[in-house]
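Asks: My structure is below; once you've seen it, I'll send some questions.
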Amino acid sequence: MNNNDVLRRFRYALDMSDKEVIGAFKESGHIIDKEGVLNLLKKDEEEGFVKCNNRLLGMFLDGVIVQRRGRQEVKPGETPRKPEVMTSNNINNQILKKIKIALNLKTEDMVAIWELADIYISNSDLTALFRKKGQKNYKECLDKFLRTFLKGLAVKYRK
């Protein structure tokens, strides 16, 4: 699943306006105008299409986290944490994790969202998706899982 598709589906699921998408990018320190957003939302074959790289998608999702949950307060004496840079290695797991944080979803919520898209996943399978790569029970999030999760989000939030 490519990043532009994730951006399109997530935006659709949450019914985000162009202004909200621009705001999410701004919250993470990336300045983009309406035309830039529209170019990211175009299909591959459309004129003016701009590929959304991992860094850009990560910044968008980090911005959505700030929009929905607020900035994380830095305690005195602590250094601010840098946002996790998304790599192409296990990208779907990282996307899923950022969406979970942004929407403040619990395990039961995520299971219910997948059920809305006719996928049944156990709690243990779900927690395996959030483990670090290399851990014993780590499970890679396949494109189909991410796609159906975004479909379930659309069903839940666009009633």
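Asks: From the set of residues in the stretch 1-22 that are outside any helix (DSSP H, G or I) and hydrophobic (A, V, I, L, M, F, W, C), which is most open to solvent (accessible area, probe 1.4 Å)?
Replies: Of everything passing the filter in the stretch 1-22, 1 is most open to solvent (accessible area, probe 1.4 Å).
Asks: Turning to a different aspect of this structure: Select, from 158, 147, 131, the only residue that is at pLDDT below 90 and either within 25 Å of residue 16 (Cβ to Cβ) or of a type outside the set (A, V, I, L, M) (or both).
Replies: Residue meeting the stated conditions: 158.
Asks: Which ones in the stretch 97-132 are free of Cβ contacts under 8 Å to residues at least 24 places away in the same chain, outside any helix (DSSP H, G or I) and surrounded by fewer than 13 Cβ atoms within 10 Å (Cβ to Cβ)?
Replies: 106, 120, 122, 132
Asks: When you go through (1) surrounded by fewer than 18 Cβ atoms within 10 Å (Cβ to Cβ); (2) within 17 Å of residue 101 (Cβ to Cβ) one by one for residue 50, which number turns out not to apply?
Replies: Looking at each condition in turn, residue 50 falls short on (2).
Asks: Take the residues of the stretch 60-77 that are in contact with an Asp or Glu (Cβ under 9 Å, 6 or more places away or on another chain) and not hydrophobic (A, V, I, L, M, F, W, C): which is most open to solvent (accessible area, probe 1.4 Å)?
Replies: So the residue we want is 71.
Asks: Then there is this: Tally time: how many residues in the stretch 27-65 are over 13 Å from the mean Cα position of the chain (by Cα) and not in a loop (DSSP other than H, G, I, E, B)?
Replies: 9
Asks: Starting from the stretch 133-144, take each residue that is open to solvent by less than 80 Å² (accessible area, probe 1.4 Å) and list its partners that are in a loop (DSSP other than H, G, I, E, B) and aliphatic (A, V, I, L, M), counting only C-beta distances under 7 angstrom and pairs at least six apart or across chains.
Replies: As it stands, the answer is 143/1, since those pairs meet every condition given.
The values are calculated or read from the model by the stated rules, or taken from the named source; none is laboratory data. Quick caveat: nothing in here was measured; it's all calculated off a predicted structure. No Cβ is skipped: glycine too gets one built from the backbone with ideal geometry, and neighbour counts run over all protein chains shown. The accessibility values were calculated without ligands, DNA or RNA, using every heavy atom of the protein model including side chains. Shrake-Rupley method; radii C 1.70, N 1.55, O 1.52, S 1.80 Å.
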